[in-house]
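**Student:** Take this structure, written in structure tokens, and hold onto it; I'll ask about it next.
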Amino acid sequence: MIITPAEPHDVAKLLAFREEAAAWLRALGSDQWSRPYPADKLLATIESGTVFMLRDGHTTAGTITLTPDAEDGLWTVEELAEPAIFINKLTVAREYAGHNLGGRLLDWAGDRALRAGASWLRLDAWTTNDALQRYYLEQGFTHVRTVREGTAVNGGPRVSGWLAQRPARLADHGFTDRAPAPTRLSSAA
């Protein structure tokens, strides 16, 4: 399998991919990703070079977004002073479930984070998705805290405030990496 940067023509595929994941989550009783993701926002993240596709031939097996930018209001000033890469929208196609592709994508992300000069690989997960939180703990992340205050874009309570991190580290993820070398973090220079 090959990891490549997403391209603008991948928007429709990524939106469908997210809907597939949302339907699966709904079947499990979770409201995670129940609101449609704006296509223009997705296109902007693709164009910024932060979205990556895991491809198995012509099939998209997974996707992950990596950014040096933390969501406002989640991490402390002291935490933000430490160089980190933040994971968003990790998704594996249902047909590839059970093959540890998510764990391998996390390993790839940690490897990329280290090569960018980060000390930490961080994420915020859905606050009510206990199974997802357990998954990240099983993948070596440590729960930092759960942030419930603040509001979401629609004016409701924060829904993705379960914070976790693990050290950035080299990993043998087994993918062919066709993404350009990561940009070094400015605080790591």
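**Student:** Residues that are over 30 Å from Met1 (Cα atoms), modelled with pLDDT under 95 and out of contact with any Lys or Arg (no Cβ under 6 Å at 6 or more places or on another chain): does the range 167-187 have at least one?
**Tutor:** Step one: filter the range 167-187 for residues over 30 Å from Met1 (Cα atoms), giving 186-187.
Right, trim to modelled with pLDDT under 95 and you get 186-187.
Next cut, out of contact with any Lys or Arg (no Cβ under 6 Å at 6 or more places or on another chain) only: 186-187.
Taking every residue of the range 167-187 in turn, at least one turns out to be over 30 Å from Met1 (Cα atoms), modelled with pLDDT under 95 and out of contact with any Lys or Arg (no Cβ under 6 Å at 6 or more places or on another chain).
**Student:** Only one residue in Asp56, Asp31, Asp10, Asp40 is surrounded by fewer than 17 Cβ atoms within 10 Å (Cβ to Cβ), at pLDDT 85 or above and either touching a Phe, Trp or Tyr at 6+ places or on another chain (Cβ under 7 Å) or among the acidic types (Asp, Glu) (or both), so which one is that?
**Tutor:** On the way: Asp31 fails: at pLDDT 85 or above; Asp10 fails: surrounded by fewer than 17 Cβ atoms within 10 Å (Cβ to Cβ); Asp40 fails: at pLDDT 85 or above.
Only one candidate passes the filter, namely Asp56.
**Student:** Output the residue which, of all residues in the range 130-162 that are modelled with pLDDT of 95 or more and in a strand (DSSP E or B), is nearest to Glu71 (Cα to Cα).
**Tutor:** It comes out as Val144.
**Student:** Of all residues in the range 87-119, which are among the aromatic types (Phe, Trp, Tyr) and under 20 Å from Arg178 (Cα atoms)? Write out each step before concluding.
**Tutor:** Step one: filter the range 87-119 for residues among the aromatic types (Phe, Trp, Tyr), giving 96, 108.
Trp108, the sole residue that qualifies.
**Student:** I'd like to know if the range 79-91 contains one or more residues that are part of a helix (DSSP H, G or I), modelled with pLDDT of 90 or more and touching a strand residue (DSSP E or B) at 6+ places or on another chain (Cβ under 6 Å). I'd like the intermediate steps shown before the answer.
**Tutor:** Residues of the range 79-91 part of a helix (DSSP H, G or I): 79-80.
Going one step further and asking which of them are modelled with pLDDT of 90 or more, we end up with 79-80.
Among the residues that remain, those that are also touching a strand residue (DSSP E or B) at 6+ places or on another chain (Cβ under 6 Å) are: none.
No.
**Student:** For the range 36-78, give me each residue that is assigned to a helix (DSSP H, G or I) and either of a type in the set (Ser, Thr, Tyr) or within 17 Å of Leu105 (Cα to Cα) (or both).
**Tutor:** Pass one, the range 36-78, residues assigned to a helix (DSSP H, G or I): 39-47, 77-78.
The answer is Thr45, and nothing else.
The values are calculated or read from the model by the stated rules, or taken from the named source; none is laboratory data. Since the model is a prediction, treat every value here as computed from it, not as a measurement. Heads up, the Cβs are rebuilt from the backbone with ideal geometry, glycines too, and the neighbour counts pull from every protein chain shown.
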